[in-house]
1. Hey, what did the chain get for relative contact order, percent, Cα under 8 Å, at least 6 apart?
2. Of G50, Q37, L60, which is farthest along the charge dipole of the chain in the positive direction, counting Lys and Arg as +1 and Asp and Glu as -1 at C-beta?
3. Choose one answer from M48, M38, M30: the residue with the largest mean-square fluctuation in a GNM of the chain with alpha-carbon springs under 10 Å.
4. To test your reading of the geometry: what angle, between 0 and 90 degrees and rounded to tens, separates the Cα axis of helix 48-57 from the longest principal axis of the chain?
5. So what's the back-of-envelope 222 nm ellipticity for the chain, counting only DSSP H runs of four-plus at -39500 (n - 2.57) apiece and dividing by all residues, rounded to 500?
6. Provide the gained length on full extension for the span V20 to H35, in nm with one decimal, where the gain is 0.36 nm per separating residue minus the Cα-Cα distance.
7. Helix 16-33 sits at what angle to the longest principal axis of the chain, using alpha carbons and giving 0 to 90 degrees rounded to 10?
Amino acid sequence: MIYPSIDKLLNEVGSKYLLVNIIAKRAKEMRDYDHYQMKETEYTSKKMLGRALEEVAKDLIHLK
């Protein structure tokens, strides 16, 4: 099972397409700059995309 669920993420972000763009951009930032919003031990996922999804689920990424 994928964590976090798509239903919870769509409550934070209105569209699947917007969610994909946000996650891709955040994962690239994490890879390029090695900057995380949580401690590395707090993440459930080991991959950057999963970690970016977790940040959206915990409301650490805000849209303007």
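1. 41
2. Going by the Cα projections, it comes out as G50.
3. M38
4. Once rounded, the angle reads 50 degrees.
5. Estimated from H runs of four or more residues: -17000 deg cm²/dmol.
6. Fully extending the segment from V20 to H35 adds 3.4 nm.
7. Between helix and principal axis, roughly 10 degrees.
Any read-out appearing in this document is the output of simple, stated calculations on the displayed coordinates, not a laboratory observation. No experiment lies behind these values; they were computed from the predicted model shown. A quick note on method: Cβ atoms are made from the backbone with ideal geometry, for glycine too, and the neighbour counts reach across all protein chains shown.
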